[in-house]
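Engineer: One structure is given below, represented as C-alpha cells, and several questions about it will come after.
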Amino acid sequence: MIRFLLSLLPLLPLSTFSPAADIPRPEYPRPDFVRAAWLSLNGTWQFEFDDRDVGLAERWYSRRQPLGRTIQVPYCFQSKLSGIGDTSFHDVVWYRRAFTIPPDWKGKRIRLNFGAVDYRCQVWINGESPGKHEGGQTPFSFDITPYLRASDTGSFGGRENVVDVRVEDPSTDLGIPRGKQYWEAKSRGIWYTRTSGIWQPVWLEPVPDTHLERVIVRPHTDEGNARFEGRINRLVPGLRFRVSVYFNGEFQGASETRCTSEINLVTVELPAQRLWTPERPDLYDVTIEIFQDDKLADTVKTYFGQRKVWTRDGRVYLNNRPYYLKMVLDQGYWPESLLTPPTDEAIQFDIKMTKALGFNGARKHQKVEDPRYLYWADKMGLLVSGEMANAQAFNDDYLSRMVKEWTDVVLRDISHPAIISWYPINESWGVPQVRTNMRQQEHIRSLYYLTRSLDPSRLAVDNDGWEHTEATDLFTIHDYAAKGDLLGPRYAHLPDGIEKEQPASRPLVVEGARYNGTPIVISEFGGIAYRPAGVAEKVEEWGYSGIESSEESFLTRMEGLVRTLRRNPRIAGYCYTQLTDVEQEINGLLTYDRKTKIDPEKIKKLQQ
C-alpha cells in the first residue's frame, strides 16, 4: 500500500487541489483544436439571481449599476468553488464582466467561446445581443466583432467592453436532458445536486476573416492512413486546405486540396503507422493550415490516435485483436465543484486512479465530459464510453432537444481516440414506455442510426441496460445481483433464452425484438456500498444491496461478482459501479474527496 501511494506522487487527494488565485481552470479549454492566441474569461464575474424573471423587461444587460453578487466562473452557483454554494431553486440567473481586447488582435474577427452553459442562455456585448443558445452539455460561440468598442486609435485595444449573460435552467422540466441533476429540492438516492449556468470555461480568441471552424479526423488503420475533414466559415476564391502530420516531432506526411466547398477532405498516408491502445497511447500531432492565394490565412493544431474498434462473433476488437472491456462507471462529480472538474490536475488524478485500480476504461455516466478529460484519456491511455445526459419525460420538446444536442455532442468529441462507444440513452430514461410504445422504440432506433451515420467508426448502443431493439452494436445489461452465485446462473446459458431474463424486473428486449448476436457486456454491476473505518457516517447513505461492514467482506463480494463474469466466455466485458462516492451514494471505490477505501492493488489483482 505504501509503495502504491508513493508511486502516485506528486498526485494528491482532491482536498489538496486548489485553482490558481487569479484565474481558475487556466489551461487551454479545447485541446483538440488549438489556436495560438486566446484570452481566458474565467475568474470573477458579477452575478445575480433573477427569481422574479424581471431582468429582460428591466434591460439588465444595458444598465450600469453592478449586479449584486460575484461568482467564480466556470463553477456553477450551486458549488462551493463558485463562492456562492446555494443549492436551492434559482431558475434564472445573470452574469456580467468587463474585458479588454489585446491591441495586437487588430484586424481579426473576435470570437467569444463557451464550453457549456446549462441550460439556455442569451448573450449581450455592450448592450447588443450576438445570439442565443440552448443545450446544457455542448459548446457554442459568437462572432462579437461588430459589437466591440473601438479605441480612439480605431483598434480594439484600450477600450473596456462588457459581456452580459442571462441563463434559464427550469429545474423541474423533465423534458430537458439533465442527466443525474435532480429535479427536486434535495439530492436523494442516485440523483445529485443540480448544475445551472456557466459550468465550463469561457474564452476569447482572434480568427482571420476566413478561418477553420471544425476538423474531424477519421483513422483508417487497415489502409494505413487518416482522413481529415475541415470546415471553413466561408468559401472564397484561391483557398487551399493543407494537413501535415508528425510523430514525436518527426514529419510523417502531408496532403492538401483546393477548397471547392465549405467542407474539404484530404487523406494522409502514414508509413509504419503506430496504433493507439490504452497500454501504448501513441498520438500523432497535426498542423492544419488554410492558404488564400498562397498566403497563410489560418493555422490550427490538433492530434489524433490511429485505432480501430469493431465486433465479431460476440467479441469486441481493438486494432484487429480481441479486447476485454474492464470499465468503471464514473459520474464525473466533485464535492467542491459538482460537474465541473476543479482543476486539470484533478482530471489527471481520476484517470490515473482508474488505471491503478485495474480498469482499462471509464463509462462517463449521464454526463458529457469536459474536453480536458478526453484529452488526458487520449494521452494517458483510457477507453471511454461517451454518453448523453438524459431527460425523464418523452414529449415533442424533448425529441427536438435530444436529437440536436446529441448530434452536437458526437461532432464535438468524434476525433478522440479514447472514445470507443456511444450511449445516447440509459435505462429507458426519457422513453419510459419503450417496451411497448412503438414511437419510443423508433426514437431509440433513430438515435442509434443517427449516431452511426455521424460516426461509423465506433460502437453505438440503443438503450443501455435493458429493453434493447435489434439496432445496437453491444447488448448491454445492468444487473446488481448481490453475489456471484446469484449472478452466475442467470447467464450460464447465454445466449439461449436471453430475451426472457429480467435482472431489474425489466425485459432485456422490447416487444417484437430479439437478441441480435452482438457482444454481451454487463455494463452496470456491483455498486457495493462500503464506508471504511474512520470515515464519518452520513445522514443519508445509499448503495446496492446493503452496506458492507469490513474490507474483507467488500473484497469477497466484489471478487465473487468479477470472477463470475470473467469465467463466462459469452461475456465480452463489464463496467463496475463505481469509481467514487457521490453525495449520499457510498458505493465508490474511492471516497467523494478521492481518498482510497481499499488498497488499489487489491482491486486490480482480483480483476486479473
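Engineer: What list of whole percents do you get for P(r) of region 310-606, with Cα-Cα distances grouped in 10 Å bins up to the one holding the largest distance?
Structural biologist: In whole percents, the pair-distance histogram is 6, 29, 36, 24, 5, 0.
Engineer: What 222 nm value per residue comes from the helices of the chain, counting each DSSP H run with n ≥ 4 as -39,500 (n - 2.57) and dividing by all residues, nearest 500 deg cm²/dmol? List each step's numbers first, then the result.
Structural biologist: Details: 8 runs with 94 residues, N = 608.
Computed mean residue ellipticity for the chain: -5000 deg cm²/dmol.
Engineer: Counting DSSP beta bridges in the chain, what percent are antiparallel, to the nearest 5? Don't skip to the answer; put the middle values down first.
Structural biologist: Values: 95 of 131 bridges.
Of all bridge pairs located within the chain, approximately 75 percent are antiparallel.
Engineer: Helix 396-413 against the longest principal axis of the chain: what's the angle in degrees, Cα atoms only, rounded to the nearest 10?
Structural biologist: 80
Engineer: What list do you get for 443, 133, 493 if you sort them by fewest beta carbons within 10 Å?
Structural biologist: Numbers: 443 23, 133 19, 493 12.
Listing 443, 133, 493 from fewest to most nearby Cβ atoms yields 493, 133, 443.
Engineer: How many nm separate the modelled label positions at residue 570 and residue 236, each set 7 Å beyond the Cα in the direction of the Cβ?
Structural biologist: 6.3
Engineer: Taking residue 595 as the anchor, which aspartates and glutamates have their alpha carbon closer than 16 Å to its alpha carbon, excluding any fewer than eight residues away along the same chain?
Structural biologist: Those aspartates and glutamates meeting the cut-off are 330, 336, 345, 350, 537, 551, 581, 583, 585.
Engineer: Okay, next question. What nm value, rounded to one decimal, do you get for the distance between residue 282 and residue 511 when each label is placed 7 Å out toward the C-beta?
Structural biologist: 5.4
Engineer: Of (i) 36.4; (ii) 39.6; (iii) 28.2, which one was derived for mean projected area of the Cα convex hull in nm² from the structure shown?
Structural biologist: The value computed from this structure is option (iii).
Engineer: Roughly what angle does helix 371-380 make with the longest principal axis of the chain, taking Cα atoms, 0 to 90 degrees, to the nearest 10?
Structural biologist: The helix 371-380 is inclined about 60 degrees to the chain.
Engineer: Hey, what angle do you get for helix 344-356 against the long axis of the chain, alpha-carbon based, 0 to 90 degrees rounded to 10?
Structural biologist: The helix 344-356 is inclined about 20 degrees to the chain.
Engineer: Right, next: When Lys and Arg each count +1 and Asp and Glu each count -1, what net charge do the other residues less than 10 Å away from residue 360, Cβ to Cβ, add up to? Walk me through the numbers on the way to the answer.
Structural biologist: Working: positive: 326, 355; negative: 279.
Residues close to residue 360 contribute a combined charge of +1.
Engineer: Working from the alpha-carbon coordinates of region 422-464, get Rg over Rh, Rh being the Kirkwood radius.
Structural biologist: Ratio of gyration radius to Kirkwood radius: 0.99.
Engineer: I've got another one for you. If you take the alpha carbon radius of gyration of region 25-205 and divide it by 2.2 N^0.38 Å, what ratio comes out, to two decimals? Spell out each step's value before the answer.
Structural biologist: On the way: Rg = 16.7 Å, N = 181, 2.2 N^0.38 = 15.9 Å.
In units of the 2.2 N^0.38 Å rule of thumb, it is 1.05.
Engineer: Net charge within 11 Å of residue 372 by Cβ-Cβ distance, Lys/Arg positive one each and Asp/Glu negative one each, not counting residue 372 itself? Don't jump to the answer; show the numbers that get you there.
Structural biologist: Values: positive: 25, 30, 379; negative: 27, 32, 344, 345, 369, 370, 378.
Overall, the nearby charge balance is -4.
Engineer: Also: Going Cα to Cα from residue 301, which lysines come in below 27 Å? Please leave out same-chain ones fewer than 8 positions away.
Structural biologist: The reachable lysines, counting only those whose Cα sits under 27 Å from residue 301, are 106, 108, 352, 364, 367, 379.
Engineer: Next question, about the same structure. How much net charge surrounds residue 313 when only the other residues with a Cβ under 15 Å from the Cβ of residue 313 are counted, with Lys and Arg +1 and Asp and Glu -1? Don't skip to the answer; put the middle values down first.
Structural biologist: Details: positive: 312, 315, 321, 570; negative: 473.
Overall, the nearby charge balance is +3.
Engineer: To continue, here is another question. Any idea which of 589, 356, 438 is furthest toward the positive side of the dipole for the chain, if Lys and Arg beta-carbons carry +1 and Asp and Glu beta-carbons -1?
Structural biologist: 356
Engineer: Can you tell me how region 277-355 classifies by the Cα gyration tensor, rounded, prolate or oblate, using a/c under 1.5 as the rounded cut?
Structural biologist: Working: a/c = 3.00, a/b = 1.25, b/c = 2.40.
Cα axes put region 277-355 in the oblate bin.
Read the figures in this text as sums done on the coordinates, not as results from a lab. These numbers were taken from a predicted model, which means no experiment stands behind them. Because the Cβ atoms are built from the backbone with ideal geometry, glycine has one as well, and the counts that use them run over all protein chains shown.
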